[in-house]
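*Asks:* Please see the structure below; I have some questions.
The values are calculated or read from the model by the stated rules, or taken from the named source; none is laboratory data. Values in this document were obtained by computation on a predicted structure and should not be read as measured data. Reconstructed Cβ throughout: ideal geometry from the backbone, glycine too, with neighbour counts over all protein chains shown. The protein model used for the area step is the full one, side chains on, heavy atoms only, and it has no ligands, DNA or RNA in it. Shrake-Rupley method; radii C 1.70, N 1.55, O 1.52, S 1.80 Å.
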Amino acid sequence: MSIEKLELKISGMTCASCVARIEKGLSALDGVVEASVNLATERARVGFDPSKTRPQELVKAIEELGYEVELAKLSLPIQGMTCASCVRKVEEALKGVPGVIKASVNLATERATVEYLPGVAGLQDLKRAVHDAGYEVLEVEPEAALEREERARRQAYLGLKRKLSLGLALTVPIFLLTYADPLGLAALIPWRLNSLLQLLLATPVQFWVGWQFYRRAWAAAKHKTADMNTLIAVGTSAAYIYSMVATFFPGLFAAEGLGAHVYFDTAAAIIVLILLGRLLEARARGRTSEAIKKLMGLRPKTARVIREGQEVDIPVEEVAVGEIVVVRPGEKIPVDGMIVEGYSSVDESMLTGESLPVEKGPGSEVIGGTLNRTGSFKFRATKVGKETALAQIIRLVEEAQGSKPPIARLADTIAGYFVPAVIGIALLTFIAWLLFGPEPRLTYALLNSIAVLIIACPCALGLATPTSIIVGTGKGAEHGILIRGGEALETAHKLDAIVLDKTGTLTRGEPQVTEVISQDGNEEAVLALAASAERGSEHPLGEAIVRRAQELGLELADPEEFEALPGRGVRARVDGREVLLGNLRLMEDEGLDLGGLGEEAARLSAAGKTPMFLAVDRRAVGIIAVADTLKEGSKEAVAALKGLGLEVLMITGDDRRTAAAIAREAGLEPDRVLAEVLPQDKVLEIKRLQAQGLRVAMVGDGINDAPALAQADVGIAIGTGTDVAMEAADITLVGGDLRGVVTAIALSRATIRNIRQNLFWAFFYNAILIPVAAGVLYPFFGLLLSPIFAAAAMGASSVTVVSNALRLRRFAPPLGRGVRVAPAPIEA
């Protein structure tokens, strides 16, 4: 007996009882001869017989006991996958590697996320398994790998484009030759010459342009499976071989008055159409890595640190924990840290998604990748490299994209049984006619078996899904809805819940003046003085006040003096008068009597607004309320989503009071609000909803939303937000109107309904006509279906499916066509 030893890192143990429980659980496994657990080092050493148990079973036993085994994780870019069958083959190949515990392959991102025991499996083992399955792993290095991956995909895309161009150039003359008779060319080109010319044109289409289908169908056959490549290869080969036989041996088809016809145009057209669909899909999938590159682009390349009393610019990778970093106005913060000197206002919207900048001073934490707006400060680096918040967000995006929702690929699943069944039926048909058919038996056997292959050509089955998806996504683009691929359409129609980010999604994402209060009743004078004091200010609240005054056409004066008061407001002199504009803390520090303005400020705060007090010559004269206001159409969209039967929630990093105010305005119930959620916890909220069995959509616009967008079953990005959020999403709303979400879901439902109709037709057609092609009617009525009519029926089937898909072009946005919407709540 060969004994192998394995060391496992275990987390979650707290006492000796945990040790005993794990040792007992491991020892109970068949083949385990030794199990020793160390609480101090949190490790288990296991001796086992590999012929009786595997490392995966050891890990499973520990996890079933309620503990976790720490595993190494790799994200592998895979090249060559085209359908769900490929995903299944790669997953099975990776899971077959000793030491691999989990393997999840995502077709949309073309990545495999693998968790393995580092002492048992390694990168080379994983690459070898993928290669043996017929695919390739691209280089796995951090940033350089992304560039190489993009270059490799670009080359593959251009290669596909060249093949499509050649296929189209050859298929057009094939069609001209096919319809030579109606075009009046039959007298110039005799039938035999016509057929030979078609053969010469169709052969490169079949075996060069379409070679990838044969190669991948063969790879599937070696693993005893069938996929869409098998369908294409079998279908086009049947048409091609039938036509080639008819070209060289037309006499075989003369029996019983059957004429010789060729169908090279059918084989060539199928290959060209499928390549077109794959080209469009490859273009969409190839942009996946741009989200990660955008995130990486947030991090500045250099940092200014103090070394030996001097300010030195160094690469950001060289910043060490504990070093003092200097940041000036307008610069990005290079790493995470804590301010030790200086004050400033920091724009964290690129990470938090919240529009208002955050006032910072000594003791405040700063985040790498965020933008310093006003002052200069020094901070001590606390997290660098892979430990920064930005790096964690990048990792979360990668992991969330690597863990896909279970999307059913009905056509591929059925194809695994359908194609071998059809080949079996064709073979049985040949044998039956050869043994029991009338003379000439060989001719009848050949004609009827070819008829079965032609009639059962899975063109309709192969076109049922992609044509609907192509038309559906094209229709979405007309309405400003960009859909990454078929996966999003297939999933969106099954959604149970939709989570809306507040800032930039439900709201405008920038502060607006909502109310002006004056002690003297002169609101315009209050706004004009405040705007004059803030004139030239770069603070978002000040900019909002100036913008509102300009909208109203108020005359503004240039401040004679100006002083920014970090964390409190501003002090200025306007037309010889001292003007103070800021928060409650500023008024209290100045010892000013607020009169009745204090109660007004409390009311505004309760409504989720930010009150800015204005004092002139030491007297409080008014308040200007600033808030992030609801977008036009948001309330209508929320009501429509509820009307579609979806559970609608709002998520935000804002405090509960502000969040509740926006929720009320949008028509959301208080218990449907997820407030004070940190950026990295948005993913956890999505996972929590998914753990309840809900299919969840996430709608957001900030970089901090990107991980949650990727984790959700469907991620929907608002187009007015960041590019990163859009690249990480399955669906993007170009115009930023939330009502587009309703349109996207309605379009998804219409598309899936269309796909189901197509699949029903494809299978109904095959179920009826395959037996007819096999000759089941011959003993009763003397009827046979020639390959000519079989090919015509096959073409009609495909045309029917495509025509049905084209009906989606009549789709109209539901809010414009009277989709039933839940009634708006009655306001008191």
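*Asks:* Which GluC sites (Glu not before Pro) does the range 658-710 hold that lie in a coil by DSSP with at most 16 other beta carbons within 10 Å?
*Replies:* When the GluC sites (Glu not before Pro) of the range 658-710 are filtered for loop state and at most 16 Cβ neighbours within 10 Å, Glu676 remain.
*Asks:* Determine the share of the range 529-662's accessible area contributed by carbon and sulfur atoms, expressed in whole percent, with a 1.4 angstrom probe.
*Replies:* Using a 1.4 Å probe with all protein chains present, the range 529-662 comes out at 44 percent carbon and sulfur.
*Asks:* Applying 1/(1 + (r/R0)^6) with R0 = 60 Å to the Cβ-Cβ distance of Leu183 and Lys687, what FRET efficiency is obtained, to the nearest 0.05?
*Replies:* Between Leu183 and Lys687 the formula returns 0.45.
*Asks:* How would you rank 337-345, 763-771, highest first, on the average number of other Cβ atoms within 10 Å across their residues?
*Replies:* Highest to lowest by the protection proxy: 337-345, 763-771.
*Asks:* Further question on the same structure: Report the label-to-label distance for Leu435 and Leu176 in nanometres (one decimal), using points 7 Å from each Cα along the Cα→Cβ vector.
*Replies:* Placing both labels 7 Å along Cα→Cβ, they lie 5.0 nm apart.
*Asks:* 7 Å from Cα along Cα→Cβ at both Phe780 and His131: what's the point-to-point distance in nm?
*Replies:* 5.8 nm
*Asks:* Evaluate the distance, in nm, between pseudo-label points positioned 7 Å from the Cα of Lys102 and of Asn522 along their respective Cα→Cβ axes.
*Replies:* Spacing of the two 7 Å Cα→Cβ label points: 6.7 nm.
*Asks:* Can you tell me the accessible area per residue over the range 567-658, all protein chains present, probe 1.4 angstrom, in square angstrom?
*Replies:* 39 Å²
*Asks:* Find how much the distance from Val33 to Arg192 grows on full extension, using 0.36 nm per residue of separation minus their present alpha carbon separation; answer in nm with one decimal.
*Replies:* Here the answer is 49.6 nm.
*Asks:* Now for a separate question. Filter Lys102/Lys494; Lys301/Lys386; Lys332/Lys378; Lys502/Lys687 down to the pairs with a C-alpha to C-alpha distance above 21 Å, please.
*Replies:* Lys102/Lys494
*Asks:* Using the Kirkwood radius over C-alpha pairs as Rh, can you work out the diffusion coefficient of the range 611-706 via Stokes-Einstein at 37 °C, viscosity 0.692 mPa s, in µm² per second?
*Replies:* Here the translational diffusion coefficient equals 211 µm²/s.
*Asks:* Another question, if that's okay. First measure r as the distance between the Cβ atoms of Leu592 and Glu647, then evaluate 1/(1 + (r/R0)^6) with R0 = 45 Å and state the FRET efficiency to the nearest 0.05.
*Replies:* For R0 = 45 Å, the calculated efficiency reads 0.40.
*Asks:* Could you sort the peptides 628-635, 120-127 by per-residue average Cβ neighbour count (10 Å cutoff), highest mean leading?
*Replies:* Top of the packing list down: 628-635, 120-127.
*Asks:* May I ask you to compute the full-extension gain from Leu427 to Asp558, defined as 0.36 nm times their residue separation minus their alpha-carbon distance, rounded to one decimal in nm?
*Replies:* 38.0 nm
*Asks:* How far, in nm, would the chain grow between Thr800 and Glu551 when pulled straight, counting 0.36 nm per residue and subtracting the alpha carbon separation?
*Replies:* 83.9 nm
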